[in-house]
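Have a look at the structure below before the remarks.
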Amino acid sequence: MLVLLVAGGAIAAVALAATGGDGKEDKKSPTESSRSTSPGPSLNIPSGLPSLASEVPSVVPTRPSEVPSGVVPSGLQSLVPTLADDEVPYYMLKKGDCFDTDDSLPGQAAKRSCSKPHDAEVVKVAQLNGTYTTDAALKKAASALCQAPLERKAAKQAAGTVRGTLVQYPDSNGYKIGIDNVACSLAADIGRGTHKLTKPLT
């Protein structure tokens, strides 16, 4: 994370240098040079940031593989939700995964064995494509992606086995940062009763 902050400081420094440090755009014609021989405004880099790469602390890993699995850098723990070992964000589910849901952890799934009681099973994982700026538009697109595969799979199940569908998709903020998976699942009685699926769907 520190490396990103340093990079952010370097970008800010370049932006300050391009604008002369006063926040105003440089009004030069395309033929004028941005190079100046007369003294210009000085660029002051905040003292809290290292000015040279050699001043970056050596404890910062240079490759993601050097960060121990499951370790959250100190000071960032409050930003990362604490999940049980079997809980994953819905967008990490794969076709055939069985899971339980929890209303208190929206967007999360607690993976379960398909041969033990569970709330739902993923029938298809699809990807959203296009431009969506609202949650309602994302919901409509996700539902359209899931409708046919869920109907086909539900038709193959014994009567009373499946009692609903579950379509999990990103909200508009998640979609903007690149989360585009949609998990299309057949479900038992999520939030309404005690009925569970007890074996893999056929």
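Assorted remarks:
- Contour minus Cα-Cα distance for Arg163 and Thr131 (0.36 nm per residue): 8.3 nm
- Eigenvalues of the alpha-carbon gyration tensor of the stretch 149-199, scaled by 5 and square-rooted, set the equivalent ellipsoid semi-axes at 27, 13, 7 angstrom, largest first.
- Efficiency of FRET from Cβ geometry, Asp171 and Ser115, R₀ 30 Å, rounded to 0.05: 0.35
- Distance between modelled label sites at Lys199 and Leu105, nm, 7 Å Cα→Cβ extension: 2.8
- When each of Lys156/Lys176; Lys124/Lys176; Lys116/Lys176 is checked by Cα-Cα distance, pairs over 32 Å: Lys156/Lys176; Lys116/Lys176
- Around Val125: net Lys/Arg minus Asp/Glu count, Cβ-Cβ under 10 Å: +2
- Proportion of all alpha-carbon pairs of the stretch 95-202 beyond 20 Å (%): 39
- Taking 0.36 nm per residue of sequence separation and removing the Cα-Cα distance, the Lys139/Lys156 pair yields an extension gain of 3.6 nm.
Values in this text are rule-based calculations from the coordinates and carry no lab data. Because the structure is a prediction, the values reported are computed rather than measured. Counting neighbours? That spans all protein chains shown, and the Cβs are built from the backbone with ideal geometry, glycine included.
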